[in-house]
Structure formats: structure tokens, C-alpha cells
Amino acid sequence: MDLKPGYLETPSEQMRRPALKILLASSEVAPFAKTGGLADVCAALPVALEQLGHEVTVVMPAFRSALQCHRQIRKTDLQLSIPIKSQTLHARVLRSSLPDSNVTLLLVDYPPYFDRQDLYRDELQDYPDNCERFTFFSRAVLQILSQLPDSIDIVHCNDWQTGLIPAFLKLELNSDSRFQSLASLFTIHNLAYQGLFSQHDMPVTGLDWQFFNWRQMEYYGKLNLLKTGIVFADGLNTVSPTYALEIQTPELGCGLDGLLRERGQVLQGILNGIDQRVWNPKVDPHLFCNYDSGNWQDGKKQGKAALQKAVGLPRAPRTLMIGIIGRLTTQKGWDILTPVIERWARTQEVQWVILGTGDPHFQRKLEDLGRNHPQKVAVRLEFSEASAHQIEAGSDLFLMPSHFEPCGLNQLYSLRYGTVPLVRQTGGLADTVVNATAETLATERANGFSFRAATTAALEETLDRASQIYQHQPGTWRQLVETGMAQDWSWERSASAYERLYEQLLSKHRHDS
Ligand code: ADP
């Protein structure tokens with residue numbers, strides 16, 4: 001079996017003793033498979049942990065997109081036999097590595113489940129066998145774990161697709177000596193996606209019906225795989241400290257707030273970082289003009305002019321340009337945002353550049369706005385990595401009025417790119433954006449604008465404040481930009497927090513067992 005961790009292969013590295021052995025299981029890992037921020041986290045965190053000296057193996061399904069993503073993928077001689085319902089299914093395991101690292105990526109290859117156009121759904125609906133697919137994946141992760149040459153300290157699971165792993169560990173493998181010393185961590189990237197299935201899928205999991213009760217796997221008559229992970233994992237975290245508190249309230253607990261309060265002792269919030277290899281205005285290959293904190297004024301001026309040209313807006317160096325990028329869902333605040341864009345397009349001298357895909361209702365609204373105000377509103381209804389980078393660099397202000405935001409990445413990219421974020425005070429947005437007030441400006445902590453009430457009026461008032469400062473107080477604007485650009489949102493910071501959490505979990509586990 002060819003599973004020796006890459007970094008043991010060079011003599012100079014053989015001296016290094018990895019502090020922890022971590023297996024991270026995720027359905028998404030960029031660039032192999034991605035629908036959202038989960039993929040970015042599961043690609044960057046393992047590399048940052050490896051740089052701290054830990055040994056990380058990542059396991060994901062061999063989705064079609066993963067096999068087609070132009071990374072070198074090799075076979076291993078690892079064979080899996082997974083019981084699903086009354087059958088035993090046989091799968092292969094493939095091996096690759098995460099870009100620019102020695103982190104091993106193992107891919108569970110079972111084409112009937114994973115060789116499909118998309119990860120979770122076709123155009124109309126979720127795949128009807130999703131429970132089966134991710135039960136299979138979760139069991140495959142544990143079989144791989146039992147066959148790895150070295151014992152693992154931490155199994156780090158992510159979102160509902162891996163929620164059964166902590167349950168299998170606690171309910172089926174608790175007396176198996178190979179698994180006794182390991183601790184499990186379950187990370188909730190977005191509580192709104194819970195992996196809810198019909199109770200008829202309970203036998204698919206292979207777990208006894210006795211666990212289908214409201215304290216464990218059941219949720220109002222359905223099987224809930226996110227809840228299952230929350231119930232059975234040794235430790236829990238989510239992707240910002242404020243979101244970790246918010247999900248324990250009825251307002252943002254998505255029906256699981258009671259359980260999360262009960263498990264509050266083991267629930268933490270750790271902010272995501274940003275991948276500085278991809279998001280760095282100094283070397284970003286997508287930008288019209290590269291810059292850093294030393295020459296941002298010139299760099300952004302050129303980036304703005306080029307962006308105006310690219311999206312067909314008039315060249316206007318002193319007009320406030322507002323960027324927005326994101327999924328077109330109510331979560332992101334489009335309901336309170338579109339009336340403001342509409343009013344401002346009629347009454348104010350500002351430009352809007354909008355990039356997003358999603359809900360057809362919001363797509364139509366945005367298309368109308370672009371059509372009715374071609375001099376002021378540029379709308380791109382597509383997924384474009386290059387445009388996202390160019391908007392982050394060319395805009396003056398970046399808007400994220402989300403109703404909830406587990407962490408949010410775009411406000412972090414904005415801070416790095418000298419684009420002042422204007423956000424709603426929720427989740428990771430509240431943890432990263434410091435509202436400009438007399439006090440926060442005087443203490444040089446302010447890096448953006450924020451508001452609390454999820455209303456059009458509160459958003460508009462804050463936008464007006466930002467616009468006034470942009471036009472009339474260039475020194476204050478410069479201070480906001482430079483404070484943001486000087487901050488550290490790297491993965492190194494976040495990885496150290498995960499390292500501490502892993503260590504806490506392990507020592508508690510050793511103490512309890
Ligand atoms: P979420 O994971 O809830 O969608 P995040 O802000 O955490 O929100 O991350 C979204 C990521 O997807 C960011 O990297 C963002 O730039 C990117 N993104 C979203 N929509 C688009 C789009 N239409 N084109 C390019 N990138 C996009």
C-alpha cells in the first residue's frame with residue numbers, strides 16, 4: 001500500500017516528529033470539488049497544519065470533478081468493502097496531494113455514487129440516494145483509518161456529509177483498540193444545511209432504530225445527519241466565535257439551538273483564514289494592476305478604471321464604486337439590498353458592480369436593475385473567479401448585509417485588498433469588521449462599517465455614512481483602508497487555534513477513558 005506520508009520521504013525531513021496525526025474528512029476540498037466555503041477551508045487548513053509540523057491526511061469522495069481537475073491522481077492498493085443495506089460494496093482508494101504541499105489526499109472511488117455531474121443534486125432536486133452515498137463515504141473513511149500504517153489522534157469531520165463518522169466511532173467502534181485513543185471533532189460550516197432524510201433511510205445507516213430518537217438522530221420525524229454529528233462528536237466548533245454563540249439562540253439555531261446549548265461546553269468558534277497564495281493583491285494574476293499597502297492608491301485607481309471599462313460603466317475615478325459578490329440567496333441579504341440599489345441608482349452618484357448566481361427571483365431583479373440603470377449598475381450573473389478578484393481590487397466599498405454569516409470570506413478578501421467592507425453585525429462579519437465610530441477611529445481599530453438591524457433603513461443609513469466619508473474625509477477613508485490591509489487573516493493564525501483545540505480534545509479524551 002502506497003500510503004506513506006509524503007514528508008517522511010526526504011531524509012532532511014525524517015528528523016521531524018509530527019506532533020499530531022490528523023485525518024480530515026470532507027465532501028469538498030478545493031480545487032477537487034467545491035460548492036462553497038467548505039472546500040476552501042478543507043484545502044487550506046490541512047496545509048497550514050502541516051506547516052505547523054502535524055501530519056494530515058485528507059479523505060474525500062472521488063467525485064467526477066475531482067478526477068477531472070488536472071491534479072495527478074494515482075491508484076493505491078487499498079481496497080474497501082462497505083456494507084450498505086443488505087449488500088457489500090467494494091471501492092478503490094486513489095491518492096493525490098493538496099497543491100503546493102505534501103498533504104496526502106485520499107479519494108474514495110465508487111463511480112455509481114460519485115461519478116455524477118454535480119456533488120449533491122441534479123438540476124431539479126437533491127439526488128435521492130444522498131443518505132446512502134454519504135453513509136458509504138463515512139464508513140469508507142473509518143475503514144481507511146483502520147488501514148493506515150500509523151494510528152490517528154484526531155478525526156476531523158466537516159458538515160452533515162460526515163456527521164455519521166462520530167456516531168460510528170461511539171456506537172460501533174468504541175471497543176476496538178485501534179480507535180480508542182482517538183478523539184473526534186465536528187465542524188459546522190453552515191447550520192442551515194443539515195442533511196435531512198426520510199426516516200426510511202435510517203436502515204441505510206446500519207445503526208439500530210434505538211438511536212432514532214429526539215435526543216440523538218431524529219429531528220421531527222426525520223433523520224438528521226448534522227444533528228448526529230453534533231450529538232456524538234467529542235468536540236464541536238464552528239467558523240467564527242460570534243456564530244458559535246448565535247447558533248445557540250432560537251433566532252439562528254435552525255431548530256438545533258437547544259441541543260447546541262446543551263453541548264455548549266464543547267463548542268468553540270474559530271475564524272477561517274484566507275488563502276494568501278490565492279488572495280494577495282501584490283501577486284494576484286487576475287488583477288489589472290498589482291499593488292500592496294505601500295502603493296494601494298495608485299494600484300486601486302488603475303484597477304477601478306480597468307474594472308469600469310470591463311463591466312461597461314463610465315470611467316469616473318472619484319465616484320464611489322460598490323462591489324458585491326455572493327450567492328443570490330436570502331441569507332446574503334439581497335431582500336434588504338435590492339430596494340437600496342434601486343433607490344440609489346435613481347438618486348445618488350455611485351456605481352454598483354454585482355457578481356452572483358442563485359435564486360432566479362433575485363437574478364431577475366438584478367437583471368432589471370442593470371437594464372434600467374446601465375450607467376450605474378453592472379450585473380454579472382455568472383461564477384467567475386477572475387471577476388471576483390477584479391471586483392475585490394477595483395471597488396472602493398464592499399457590501400455584505402447578510403442575515404447570518406458563519407464566517408464569510410469576501411469581507412476578509414476586501415480588507416486584504418484595501419476595499420472597505422460594509423457588513424451586517426452577524427457571525428464572522430461581526431468578528432472581523434470594526435465599525436467606524438469616533439472612538440474606533442481614534443484608537444485606530446476601525447476597518448469598515450457595520451449595522452445591526454436587518455432592515456433596508458439601517459443598511460441605507462450606514463451606506464450614506466460610508467459615502468459621506470468617502471467623498472468628504474479622504475484621510476479617514478485612507479485610515480480605514482490601511483488598518484484593514486495591515487491585519488493578519490492568514491490560515492497560520494487559524495491553524496494554531498485548531499491545534500490548541502485538537503490538543504484539548506485529546507487530553508480530555510485521555511482523561512475520560
Ligand atoms: P458562502 O460560503 O456562504 O457562499 P463565503 O463568503 O464564505 O460565502 O464564500 C464564498 C466564496 O465563493 C468566496 O470565495 C466568493 O468570492 C466566492 N463566490 C461566490 N459567488 C461567486 C461568483 N459568482 N463568482 C466567483 N466567486 C464567487
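The values are calculated or read from the model by the stated rules, or taken from the named source; none is laboratory data. Because the structure is predicted, anything quoted here is derived from the model rather than measured. Here Cβ is always computed from backbone atoms with ideal geometry, including for glycine, and neighbour counts include all displayed protein chains. These area figures cover heavy atoms from the full protein model, side chains too; ligands, DNA and RNA do not enter into them. Shrake-Rupley method; radii C 1.70, N 1.55, O 1.52, S 1.80 Å.
Given a Förster radius of 56 Å and the C-beta distance between His511 and Arg452 as r, what FRET efficiency does 1/(1 + (r/R0)^6) yield to the nearest 0.05?
So, using R0 = 56 Å, E works out to roughly 0.85.
Report the extension gain between Asp368 and Asp118 in nm, rounded to one decimal, defined as 0.36 nm multiplied by the number of residues separating them, less their alpha carbon distance.
Once the chain is fully extended between Asp368 and Asp118, it gains 87.0 nm.
Could you give the nm distance between label points at Asp208 and Arg178, where each point is 7 Å from its Cα heading toward the beta carbon?
Roughly 2.4 nm, to one decimal.
Residues of the range 143-179 with backbone nitrogen within less than 19 Å of a virtual label 7 Å along the Cα-to-Cβ line of Ala497, please, listed as ranges.
Counting only backbone N, you get 156-159.
With a cut-off of at most 13 other beta carbons within 10 Å, and DSSP calling the residue loop, which chymotrypsin sites (Phe, Trp or Tyr not before Pro) in the range 202-244 qualify? Please list them.
Details: sites: Trp209, Phe211, Phe212, Trp214, Tyr219, Tyr220, Phe232, Tyr243; in loops: Phe212, Trp214, Tyr220.
In loop regions of the range 202-244 (DSSP not H, G, I, E or B), the sparsely surrounded chymotrypsin sites (Phe, Trp or Tyr not before Pro) are Trp214, Tyr220.
What per residue convex hull volume, in Å³, comes out for the chain when only alpha-carbon positions are used?
In the chain, the Cα hull volume divided by residue count equals 156 Å³.
Using a simple charge model, +1 on the beta-carbon of Lys and Arg, -1 on the beta-carbon of Asp and Glu, nothing else, what dipole does the chain show about its Cα centre, in debye to the nearest 20?
So the magnitude is around 660 debye.
Carbon and sulfur atoms: what percent of the 1.4 Å accessible area of the range 371-448 do they account for? Intermediate results must be reported in sequence, preceding the final value.
Values: 1190 of 2410 Å².
Ligands and nucleic acids excluded, carbon and sulfur give 49 percent.
Hey, rough spin-label estimate for Thr88 and Asp359, points 7 angstrom out along Cα→Cβ, what's it come to in nanometres?
The two pseudo-label positions are separated by 4.9 nm.
Apply the Karplus parameterisation 6.51 cos²θ - 1.76 cosθ + 1.60, with θ equal to phi minus 60°, to every residue of the range 478-486 and state each ³J(HN,Hα) to the nearest whole Hz, in sequence, with x for glycine and proline.
Going residue by residue, I get 4, 4, 4, 4, 6, 4, x, 5, 7 Hz, with x marking Gly and Pro.
Per residue of the chain, what 222 nm ellipticity follows from adding -39500 (n - 2.57) for every DSSP H run with n ≥ 4, rounded to the nearest 500?
Taking each H run of at least 4 residues, the total per residue is -11500 deg cm²/dmol.
In Å, what is the Rg of the alpha-carbon atoms in the range 296-488, and how long is Dmax?
Taking only Cα atoms of the range 296-488, I get Rg and Dmax of 15.1, 44 Å.
Heavy-atom accessible area per residue, the range 296-488, 1.4 Å probe: how many Å²?
Numbers: 7570 Å² over 193 residues.
It amounts to 39 Å² per residue over the range 296-488.
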